[in-house]
Each structure stands twice: as C-alpha cells, then as structure tokens.
Amino acid sequence: MIKDHYKTLHIPPHATTGEIKKAYRILAQQFHPDKNNDDPYAAAQFAEIKEAYETLTNPSKKHLYLQERWYHKATGNNAVKETVTPVSILKKAIDFERYCSQLDVFRMNKEVLFEQLDELLNAENTDVLK
C-alpha cells in the first residue's frame, strides 16, 4: 500500500505544480506547529503535508511515486494506505461520535457500534497515540 499524497494535499492527480504549491501553502499555514502552539496533532499532520509536497514537487521523487502508484493500480492493488496519525484517529473518533449522537438509543445495533469502536481503537492506532 502506498500513501495518497494527492489526497493529503486535497488536490486532484492532474494538479499542476502551481496548484500543488498553492495547496501546500494553505495547509502549511493551517497546520504549521508554530501556529498551533506545538500541538502534536498539527505537527503530525504538517509532517504528512510536507512529505506529500516534497514528493510531488521533486521531479525524480514524483516520477518514482507515480510509477509505484501506477503499478499498484495495474496489479489490482489500488488500495492506498491511509496514513495513521493522531490527527486521522481524532477525525475518525469525531465522525464516530457524530454518528452515535444521531442514533436512536432503542434501535441501535450495539454489536456493530462495538465493532466500529474496536476498529478505531485497534492496536496500531493505540500504538500511534502512545
């Protein structure tokens, strides 16, 4: 599995270098550790944004990344690895909380909710949070 740098920067795969730089600047301002009082979640997100930017703006790195991405799609393994960071775990937790708050307490399927919560707090996510 590979990381989806385009998804990280919220841009389409056919984005130009100018669009990549613009998206990076917007996200860097939003998640830069200096602007977020050294928030570890913002720092982790900023690191992912920086990696995506460096890969997509460096011609040789981008060429290798696109080859790897093409290979995964060509072999039927087009699943891309979602980066597990404290920020992504927090986003999933917030989405889960929103979903639960809209459920009817008397009609909810508690087993499914337990499975979703167990998936959210799996060993990999717990290790990332530690």
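Here are a few things to note about the model shown:
- Considered as a group, the residues in segment 41-58 that are within 15 Å of the chain's Cα centre (by Cα) and open to solvent by 70 Å² or more (accessible area, probe 1.4 Å) include one that is modelled with the lowest pLDDT, and that residue is Y41.
- Every listed requirement among (1) open to solvent by less than 70 Å² (accessible area, probe 1.4 Å); (2) without any contact (Cβ under 8 Å) to a residue 24 or more places away in the chain; (3) assigned to a helix (DSSP H, G or I) is met by G76 save one, (3).
- Among the residues making up segment 15-38, those that are among the polar types (S, T, N, Q), open to solvent by less than 90 Å² (accessible area, probe 1.4 Å) and in a helix (DSSP H, G or I) are T17, N36.
- Considering segment 1-52, and only residues there that are touching a Pro at 6+ places or on another chain (Cβ under 9 Å) and aromatic (F, W, Y), the residue that is nearest to P86 (Cα to Cα) turns out to be Y41.
- Beta carbons closer than 6 Å, at least 6 apart along the sequence or on distinct chains, pair a first residue in segment 23-35 that is closer than 17 Å to T55 by Cα with a second that is of a type in the set (V, I, T) and part of a helix (DSSP H, G or I) for L27/I49.
- Cβ separations smaller than 8 Å between residues 6+ apart or across chains give the following pairs from segment 87-109 residues that are touching a residue at least 40 places away in the same chain (Cβ under 8 Å) to residues that are part of a helix (DSSP H, G or I) and open to solvent by 70 Å² or more (accessible area, probe 1.4 Å): V87/Y41; I89/L129; L90/Y41.
- Any hit, segment 59-73, residues being of a type outside the set (S, T, N, Q), modelled with pLDDT under 80 and open to solvent by 60 Å² or more (accessible area, probe 1.4 Å): yes
- Single residue of E68, E54 found to be under 28 Å from D39 (Cα atoms) and either in contact with a strand residue (DSSP E or B) (Cβ under 7 Å, 6 or more places away or on another chain) or not in a loop (DSSP other than H, G, I, E, B) (or both): E54
- Scanning segment 80-130 for residues that are of a type in the set (G, A, S) and farther than 20 Å from Y41 by Cα yields one hit, S101.
- The set of residues in segment 79-124 being surrounded by 11 or more Cβ atoms within 10 Å (Cβ to Cβ), over 16 Å from the mean Cα position of the chain (by Cα), of a type in the set (A, V, I, L, M) and closer than 30 Å to A52 by Cα consists of L117, L121.
The values are calculated or read from the model by the stated rules, or taken from the named source; none is laboratory data. Bear in mind the structure is a predicted one, so any value in this text is a computation, not a measurement. Here Cβ is always computed from backbone atoms with ideal geometry, including for glycine, and neighbour counts include all displayed protein chains. Remember, those area values only see protein heavy atoms, side chains included, never the ligands or the DNA or RNA. Shrake-Rupley method; radii C 1.70, N 1.55, O 1.52, S 1.80 Å.
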